Each structure stands twice: as structure tokens, then as C-alpha cells.
Amino acid sequence: MGYSRAVRIGPHVWVAGTTAVDAEGRVVGESDAYEQAAFIFRKIETALRQAGAELRDVVRTRMYLVSLDDEEAVGRAHAEVFGEIRPAATMIQIAGLVDPRLRVEIEVEAYVGS
């Protein structure tokens, strides 16, 4: 599709919308929004590190849910990662994702400052 998982310009890092698809193209946690979100946050952490950032540098998260029934599960996964970091966070219900087995897509923005 011609995109980067993460782009860094100066101290700013943007991580593209990320879903629970592993390196072999398999959906992780097919019907489990918590498992998908936890996997996504690990995938995002890897992208941040490759861009020279850390989870502690994240200043904004956006979580796109296919169903608001998954709000608590995704929120719990978010709190496990960002409970002490406390980025600005948005959670939005959307009509769907590219694969109907996907429950959530997450993107983050980070600032690598002093």
C-alpha cells in the first residue's frame, strides 16, 4: 500500500493505524478485543523503538472500535500500557475494518523531547 508503520520528523513520531495482524498476516485474537489491543500495543512499541522513541514518549492515542461493547476490554489494555504515562486518548466507534475479524485499530503520536 506504500506506507510506513512509523514516521519520525525531528522529535515527532506518528505510528500509523495498527491492527492485530502478525508478521505472517494472521489475525491475532480473532474474537477477543483485549487480546487484539494488547498485541497492537506490543506492535506499536516495536515501531516506536525502531523510530528512536519509547512508550513513555506517547502523547496521544486513538482507538477505533468496531463495537462499543469492546470499550472496557480495549480500555483495560490501554491502561496496562499507559496508566502512568497518561497520553491524551480518543476512542471512536467505526463502521468496520478491512477484515471483519479485526475488532480494533490503534494509532499513536509521540514526542521525543528532553
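Just so you know, all these numbers are worked out from the coordinates, no wet-lab data involved. All values derive from a computational prediction rather than experimental measurement. FYI the Cβ positions are ideal-geometry reconstructions off the backbone, even for glycines, and counts take in every protein chain you see.
A few comments on the model shown:
- Search result, residues across region 90-102 that are farther than 18 Å from Lys43 by Cβ, touching a strand residue (DSSP E or B) at 6+ places or on another chain (Cβ under 8 Å) and assigned to a loop (DSSP other than H, G, I, E, B): Ile94
- Members of region 61-114 found to be in contact with a helix residue (DSSP H, G or I) (Cβ under 7 Å, 6 or more places away or on another chain) and of a type in the set (Phe, Trp, Tyr), listed by number: Tyr111
- Among residues of region 36-89, those that are within 17 Å of Ala16 (Cβ to Cβ), in contact (Cβ under 8 Å) with a residue 40 or more places away in the chain and assigned to a helix (DSSP H, G or I), counted: 9
- Residue in region 52-69 that is farthest from the chain's Cα centre (by Cα), counting only those that are under 15 Å from Glu109 (Cα atoms) and surrounded by fewer than 19 Cβ atoms within 10 Å (Cβ to Cβ): Gly52
- For region 70-114, the set of residues classified as loosely packed, with under 15 Cβ neighbours inside 10 Å, within 12 Å of Val58 (Cα to Cα) and among the aliphatic types (A, V, I, L, M) consists of Ile85, Ala88, listed by residue number.
- Against the numbered list (1) under 22 Å from Tyr3 (Cα atoms); (2) touching a Gly at 6+ places or on another chain (Cβ under 6 Å); (3) assigned to a helix (DSSP H, G or I), Glu105 comes up short only at (3).
- Residue in region 6-16 that is under 15 Å from the mean Cα position of the chain (by Cα), under 15 Å from Val108 (Cα atoms), of a type in the set (A, V, I, L, M, F, W, C) and not in a strand (DSSP E or B) present: no
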